[in-house]
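J.: Input: one structure, supplied below.
Read-outs: derived from the displayed coordinates by stated rules, not from any lab. Predicted model, so just to flag it, every value in this text is computed and none were measured. Note: ideal-geometry Cβ built from the backbone for every residue, glycine included; neighbour counts use all protein chains shown.
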Amino acid sequence: MARPTVLVVDGNEARRRELGRGLSQFAYEAVVADSAASGMRFATGLNPHVIVAAAEVEGFGDLVVLRFVQPPEEGLATMMVLLKEQESAADQDLPDNVVPLSIAGLTPAAVLGKVRTLLVGMEIGLQTDERLESLVGDLQLTPLFELLPLLQKSVVSGRLVLGEGEIGLDDGQVVAARCGRAHGLKAFARLGRVAGGTFRLLLGQGPVERELDQDLLTLMAVTMEDQHRFLDVSERLPDPDSRVRLELGQAFFATQFTPAQQEVLKAAHGGRTIRGLVEAAAIPDGEALEELLRLSELGFIAFDVPEIKVRVVTDSTADLAPEVARVHRIHVVPLSVIFGDDIYRDGIDLTPGSFYKLLQSRKDVHPRTSPPSKGEFLVNYQQLAGRSDLVSVHISQKMSQTVVHAREALKEGRGELLRSRVEGGPPAVVEITDTTQVSTGLGVLAIFAARMAARGLAAAEIRRRIDEMRPRLHLLFVVDTLEYLARGGRIGKARAWLGGLLGIKPILGVVQGEVTPVDKVRGGRAAQPRLIELFRQRVDPGKPVIVGTGHAAAPVWAERLRALIEENFTVLELIPGEIGPVVGTHVGPGCVGAVFFQPTDAEIPLLAPLPAAE
């Protein structure tokens, strides 16, 4: 859209002047008024995109002006920023196009910065957080390589904060990047491969030191090429936790190595794992793996493959990000999503972002879901059981037949699993459990199981501990509508809530394996604070918690919930996630929720994040 027209109505002269002058410098058409009468005249004559008004101005603070102002464009409501000295409970009942902004303690320049954040968001199609401190989006809905050209076009300076790192911007140009311990080009290329989920854009967050000189098109081209290398070579190398060993024969010292190979050889010293070598090498990840494979083929590198005693298997309703599953060695068996005659494998053929776009474009067809067959489970178990015992954790049986098929596969194929074991090894142990959870709840338990496996616990012990933990998981979520749950038949005890919910947001939970009504609130703004109250009733607010969050195409609500959780609880770890296609079929877009788990002192070291690659 074109630069928005902004009307400022404020009796505070210093603030009014700063807003008018500052917005004009940013090339917005800004009109200022110092009274209700002139403000109303401008509002009805200009039909501005945005009205910034002090709450005490008559006709503006009570929103009367919105009855008379015409929308600036078809299908686009006029936005209003209401400047208030303090927040109030009534703010939760304001319409979605009215943003209350507490100005207590803010300088006029700070107010200008918050208003500009809203305006930039309107230009590039992103929403602001509750306090207008940042823009919030979702890389599944707006991929990174679509977002960055938009920021370049809008000449944005600031920081793009991703779950995996951040990117620095100066007048729309990418000038810095960080991901883990990597910086510069290596970090940017890695972010292009692994970044996903929600992001925040903070405008004008101080000067960013330049460490990248390439233009955006060059950076994107390098990243796509390196991503292709990484994916191709990863399939040809052993387990990423294999130890790298140098073979220092006579030929080694007689060989002239390229600079990239020298970098890999330098990183290989000290018996690092493949994963640790990639982290330590200064060159991009895909290039490092490609040179590592080449050195291996030349006989200068050998690998010591680790013994993985226990592998964790789950299903795609765990909604684990691919990078999270990869790092934790969690094997995900996909369910299917069916749109008419088209069948998609959850997380493989259909990502969360593409699913919600498909849901929007194919409103004539309601998708269905289907669990993996017992044959599919058996094939997956055979692939993994040759060297490892298995712990298979799955969605509640009351929601899906997935765990039933897993058990049938084990019962009917036990003999084949025994034969798949490497010669001379003990019989494979396969432990299957119904977690009575779904989505973020299941995903958190799968991560817990994987971390216990990495710390040496046996399969039976992991299964026992998961079964003991599951009643202490508290999953609550808000949906925009019960329509999707009703269509899919997954509404459980919430069926009685159908009807009579106009303007009401249902709060639901997973209790004993099925969806259960917990509470309801009026209006979206009230939902997240009420979730916090409900979680405080379920865990001890004075003790640390591990939290997982999830959302279905609702990054702003997810960000608000995250902020409230961190304000109200001592969070040992917050695991963000997105609701994928199968679960999204049943909850619909707009869903947001969290799962809380309060570990005992003895559990904390078992469930802590795994150490960084070495």
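J.: In whole Å, what are the extents of region 39-173 along the principal axes defined by its C-alpha atoms, from largest to smallest?
T.: 45, 36, 26
J.: So what is the diffusion coefficient of region 545-614 in µm² per second by Stokes-Einstein at 10 °C and 1.306 mPa s, using a Kirkwood Rh over Cα pairs?
T.: Numbers: Rh = 13.4 Å.
D = 118 µm²/s.
J.: Could you work out the Kirkwood radius for region 260-360, taking every pair of different alpha carbons, averaging 1/r and inverting it, reported in Å? Display every interim value, and only then the final one.
T.: On the way: mean 1/r = 0.0603 Å⁻¹.
Roughly 16.6 Å, rounded to one decimal.
J.: Any chance you could give the angle, 0 to 90 degrees and rounded to 10, that helix 285-297 forms with the longest Cα principal axis of the chain?
T.: It is inclined by approximately 10 degrees.
J.: By a straight-distance test (C-alpha under 28 Å), which lysines pair with Lys543 as possible cross-link partners, with residues fewer than eight away in the same chain excluded?
T.: Filter leaves Lys520.
J.: Now a separate question. On a full-extension model of 0.36 nm per residue, what is the gain between Arg414 and Glu29, subtracting their alpha-carbon distance, rounded to one decimal in nm?
T.: Numbers: separation 385, 0.36 × 385 = 138.60 nm, distance 7.21 nm.
Extra length from Arg414 to Glu29 when fully extended: 131.4 nm.
J.: Okay, next question. With no solvent and one equal point scatterer per Cα, compute the Debye intensity ratio I(q)/I(0) for region 24-93 at 0.13, 0.24, 0.26 Å⁻¹ and report its log10, rounded to two decimals.
T.: -0.38, -1.16, -1.28
J.: Relative to the longest principal axis of the C-alpha atoms of the chain, give the angle of the C-alpha long axis of helix 36-46, reported between 0 and 90° and rounded to the nearest 10°.
T.: Tilt relative to the chain: about 60 degrees.
J.: At R0 = 45 Å, how high is the FRET efficiency between Thr516 and Glu146 if r is their beta carbon distance? Nearest 0.05 is fine.
T.: It comes out at approximately 0.70.
J.: Quick one: 3J(HN,Hα) in Hz for region 403-413, Karplus 6.51/-1.76/1.60 with θ = phi - 60°, rounded, Gly and Pro as x.
T.: Calculated HN-Hα couplings, in order: 5, 5, 5, 4, 5, 5, 4, 5, 5, 7, x Hz.
J.: For the chain, what does -39500 (n - 2.57) per DSSP helix run (n ≥ 4), summed and divided by total residues, give at 222 nm, in deg cm²/dmol to the nearest 500?
T.: Computed mean residue ellipticity for the chain: -11500 deg cm²/dmol.
J.: Calculated FRET efficiency, Ile348 and His228, Cβ-Cβ r, R0 22 Å, to nearest 0.05? Could you put the intermediate results ahead of the total?
T.: Working: r = 18 Å, r/R0 = 0.82.
Approximately 0.75, to the nearest 0.05.
J.: Which residue, Val582, Thr600, Asn568, has the largest displacement toward the positive end of the dipole of region 554-614 when charges sit on each Cβ (Lys, Arg +1; Asp, Glu -1)?
T.: Val582
J.: If you take the alpha carbon radius of gyration of region 214-295 and divide it by 2.2 N^0.38 Å, what ratio comes out, to two decimals? Before the final figure, lay out the partial values.
T.: Details: Rg = 13.5 Å, N = 82, 2.2 N^0.38 = 11.7 Å.
It is 1.15.
J.: Could you estimate the translational diffusion coefficient of the chain from the Stokes-Einstein equation, with Rh from the Kirkwood formula over C-alpha pairs, at 20 °C and 1.002 mPa s, in whole µm²/s? It would help to have the intermediate numbers written out before the result.
T.: Working: Rh = 26.7 Å.
Roughly 80 µm²/s, to the nearest whole number.
J.: Take the Cβ-Cβ distance between Thr600 and Lys309 as r, set R0 to 25 Å, and report the resulting FRET efficiency rounded to the nearest 0.05.
T.: 0.55
J.: Say a paramagnetic label sat at a point 7 Å from the Cα of Lys363, along Cα to Cβ; which residues of region 587-604 have their backbone N under 14 Å from it?
T.: 589
J.: Mind checking the angle between helix 555-568 and the chain's longest principal axis? C-alpha axes, 0 to 90 degrees, to the nearest 10.
T.: Approximately 80 degrees, to the nearest ten.
J.: In nm, to one decimal, how far is the modelled label at Arg472 from the one at Asp341, with both set 7 Å along Cα→Cβ?
T.: 5.3
J.: What is the distance in Å between the Cα centres of region 368-384 and region 579-606?
T.: 23
J.: At 37 °C and 0.692 mPa s, grab the translational diffusion coefficient of region 189-250 from Stokes-Einstein with a Kirkwood Rh over Cα pairs, rounded to a whole number in µm² per second.
T.: Working: Rh = 15.5 Å.
This corresponds to a translational diffusion coefficient of 211 µm²/s.
J.: Quick check: Cα centre of region 79-116 to Cα centre of region 554-573, how many Å?
T.: 21
J.: Let me ask another. Just the number: Rg to Rh for region 145-186, Cα atoms, Kirkwood Rh, two decimals.
T.: Expressed as Rg/Rh, it is 0.97.
J.: While we're looking at this one, here's another question. Taking the Cα atoms of region 331-385 alone, what are Rg (to one decimal) and Dmax (as a whole number) in Å?
T.: Over region 331-385's Cα set, Rg and Dmax evaluate to 13.2, 43 Å.
J.: For region 126-273, count all C-alpha to C-alpha pairs, find those more than 28 Å apart, and express that count as a whole percent of the total.
T.: Values: 3478 of 10878 pairs.
For region 126-273, the share of Cα pairs beyond 28 Å comes to 32 percent.
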